[in-house]
Each structure stands twice: as structure tokens, then as C-alpha cells.
Amino acid sequence: MVIKNDCLKDNFKSMFRFSGFSKPIIEGSFVEGVVVSKQKHVMTLYTGLKTTTQFLDKELKSLTEKNQEISNPIGKKTQLYLHNIENPDGEAVFNLHMYHQHVKALIAWDRVHKLKFVKGIVLNTVNGGFSVGIGGVVAFLPKSRAKLPNINKKEYISHLMHNYHLYKIIKVNYDRRNIIVSLVNNVIKKS
């Protein structure tokens, strides 16, 4: 019996990555930070990276109740978005607010993508149509579905941008979190 080694076709870099010994790619993801010490207004968090990270306690509002301070924050956990594992100074770069924004975006997506009809407002023009704000989610409105009139297009678009209208969700791409909508009724502008 002959055993064929498929890894010989690959280069060393791909074999090393396949073996699991390469460093994990964690940039652009969330890591958990645990408060290990507090001195005056500076909290030190352990994130599992090579060095600890320090933040001002007012930056870590997610660890404290609104307008209240926790007397002993040691052991409290928070989620941090890792922008860069090592900047030129050798420090990791975190975003403290990205996790909460990400959670809010997921909640908005779960609420909106299941609906058939939504109220929204045109935010701006994009290539081939318009972006429409719908309850925290940005959808796409193709020009063909915007029901543009032959005359007074600028006034019509301005009206779409300054007033909420009813839209029908015609297509949802779950992988890209993309929604395509169509204007339900024509905008009747009184003169």
C-alpha cells in the first residue's frame, strides 16, 4: 500500500499554516480583557497578548454602571476590538467602543432583515442607486426601483432624502448582510 503525501505539493508557508503552529490571525476580531489592577484613574487589562494594556477608567465605561464607580473592578471583563496586534511602538491597538457598535448592528440586522415592509429614508446617492437608512441598517435602493420622474428629479430626490417612506424588501443577502429595497408608493409632491 502506497501512502501519498498531498502536502508535498504545497510550499512551506502553507504547510506551516496548515499545521496550526503559525500565529492566529486575531487582528480585526474581538478579544476579552480582564482588569488585573487599578491605580488612581488607570486600569490595567490582561488580554492574553504579550503585554498588558492600560486604559483610563473613564474610557472603560462598560465596566461601571452609569454615573457610578465600582469600588473593586479587579476581575471585571470587557470585549475589545483589536485593530493592530503590534504598532511601530510594539503595542497592541484596541478600540473600546467597536464591540458595542457591533452588537447594536447585529441586533438591528436581526430586527430588519425578517420584515417585508420597512420605513426608511434615503441617506445619499451611490453608484446605481441610493443608500437607504432603515432602523440602523443601510439598504440599497436601485434607481430602477426609486420611481424617478422624468421632470423635477432633483426635487424628488431631495424629498426622498428629507422624508421617511415605505419600502419593500425585495432581496436579502445573508452572507454580506446586504438588503435591496424597492419604493412602495410614488411620492406625491404637492405644489
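Each reported figure results from applying straightforward, stated rules to the coordinates on display, with no laboratory input. Note that the coordinates shown come from a computational prediction; the quantities given were computed from them, not determined experimentally. Here the Cβ is made from the backbone with ideal geometry for all residues, glycine too, and neighbour counts use every protein chain on show.
Extension gain, Asn87-Asn127: 0.36 nm per intervening residue step, less the Cα-Cα distance, totals 10.9 nm. Residues within the reach of a label modelled at Thr51 (point 7 angstrom out along Cα to beta-carbon, backbone nitrogen below 19 Å), restricted to region 85-109, are 85-96.
Shown is the FRET efficiency for Asn178 and Ile151, computed with R0 = 41 Å from the Cβ-Cβ distance and rounded to the nearest 0.05: 0.80. When each of the peptides 156-169, 80-93 is scored by the mean number of other C-beta atoms lying within 10 Å of its residues, the order from highest to lowest reads 156-169, 80-93. Computed from the C-beta positions of His97 and Tyr164 and an R0 of 22 Å, the FRET efficiency is 0.20 to the nearest 0.05.
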